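To start, the structure itself, in structure tokens.
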Amino acid sequence: MRFILTILTFLSASLFAQKGDELFKKVDESVVAIQHEKAGGSGFVLTKDGYIMTNGHVVSLMDPENPKDTARRITVIMSDDKKYQAKVIGFSLDPDIAVLKIEPDKPLKPVKIGDTDKVITGQTCYAFGAPLGQKRTLTGGIISNTARTSLGTFTKVFQMDAIINPGNSGGPLFNDKGEVIGVSTYGGKAGLGFSIPIKYGMVLKDHYLKYGRFVRADLPFYISKAMPEEFARVLGTPQGVYIDYVVPGTDAEKSGLKNGDVIIKMDGKPVSGKNEESYYEWSWELVTKKVGNKITFVVLRKIDGQWKEVTVSGTLEEDEPAPKHGHQIGELKEIKYPILGMGIQRITLMSYFIYNLPTTKGVRV
């Protein structure tokens, strides 16, 4: 029995290595290294004419005083060591995605984009990039979790055990067909790695090409959360999105939303808040709607002791700059006064709640 298990283990390892070798040859030309005056990372080719995807933090100078400031001289290094200077088309630190443009002297080989929604726990995955400056490095493993929502990121992320290190950031995560399913972004302790599902990256790419930035839509300002089964059972409602608090005087209140409402439909489509994953998906669908468009919610509201359906609507606005949260430095500029040993930031509604400030007036020290 032990002999049979040894043979099976050997064959499994041999097959894994063979698939890895085939994938390496297939995608090598499409993966790039990225360097600039402050740091470096990885990326991959989106189009023949030179659009490249990577992480936002790879090209950002990560300067709290000006979070939207990017590196001045970004170099993209191809698999054949050919170098090109790149310009930033757009970038975001959460989701942590950037798109660059180079002017190649010949058509490039784009990656194939996979279907994020078909990724399952336990499937094989491969991370490709330039960890610690070592170009053309392939590591393999499995998808450990398809919907990790506990990192403080704007979207859910994949967790995998394929090894990633500093320098892997922005590199592609492939399935065994050689299709990109994610963008490697955070390396954790004990061999944990995290990757942004590629479907989010492709939405951001479209925003960058159209607007030059990620334009988030919002109906400000309310606080909402998922509704696990136990919570919904206590309330006696379906598992929609629960409205914890609507800020008085805001557009959300003017639209008709009230504390304790349960959103069950958005623009005619059913809404599920049964867990954090479905809540994040709903949130993503909301913020990627077009600013200026009307949005309509059907909510359940307790009226005279009975849950009744109520329709509310408002106009979507562009979201305010995000404060520091989770892994990201945020988007709010900080003005520093070294001689006084202090810095100040403008106050947004989100920072007002995150930092439990006493007022929205003035600045945060």
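Just round it to a whole percent: the fraction of Cα-Cα distances in the chain exceeding 24 Å.
Cα-Cα pairs in the chain separated by more than 24 Å: 62 percent.
Could you state the number of Å between the C-alpha centres of the range 231-279 and the range 79-120?
First find each Cα centre; the distance between them is then 37 Å.
Once label points are set 7 Å from the Cα along Cα→Cβ at both Ser313 and Asp105, what is their separation, rounded to one decimal in nm?
Rounded to a tenth, the inter-label distance reads 5.8 nm.
Between rounded, prolate and oblate, where does the range 315-365 land on the alpha carbon gyration tensor, with a ≥ b ≥ c its root eigenvalues, rounded for a/c under 1.5, else prolate if a/b exceeds b/c?
Cα axes put the range 315-365 in the prolate bin.
What's log10 of I(q)/I(0) for the range 112-197 at q = 0.14, 0.16, 0.17, 0.23 Å⁻¹, Debye sum over Cα points only, no solvent?
Debye output, listed in q order: -0.39, -0.51, -0.58, -1.08.
What does the charge count near Asp69 come to, summing +1 for each Lys or Arg and -1 for each Asp or Glu among other residues with Cβ under 15 Å from its Cβ?
Every neighbour counted, the sum reads +3.
Please give the length that would be gained between Val365 and Arg213 if that part of the chain were fully extended, namely 0.36 nm times their separation in residues minus their C-alpha to C-alpha distance (nm, one decimal).
51.9 nm
Would you mind calculating the gained length between Glu230 and Asp81 on full extension (0.36 nm times residue separation, minus the Cα-Cα distance), in nm to one decimal?
Taking Glu230 through Asp81 to full extension adds about 48.0 nm, to one decimal.
Per residue of the chain, what 222 nm ellipticity follows from adding -39500 (n - 2.57) for every DSSP H run with n ≥ 4, rounded to the nearest 500?
Calculated at 222 nm, the ellipticity per residue is -6000 deg cm²/dmol.
What's the longest piece of the chain with no exposed GluC sites (Glu not before Pro), counting a site as exposed if DSSP puts it in a loop and it has at most 15 other beta carbons within 10 Å?
My reading of the result: 66-365 is the longest stretch.
With labels modelled as points extended 7 Å from the Cα through the Cβ direction, what inter-label distance (nm, one decimal) is found for Asp117 paired with Lys26?
With each label placed 7 Å out from Cα toward Cβ, I get 2.3 nm.
Every read-out reported here was derived from the displayed coordinates using simple, explicitly stated rules and does not represent laboratory data. These numbers were taken from a predicted model, which means no experiment stands behind them. We place every Cβ from the backbone using ideal geometry, glycine too, and count neighbours over all the protein chains shown.
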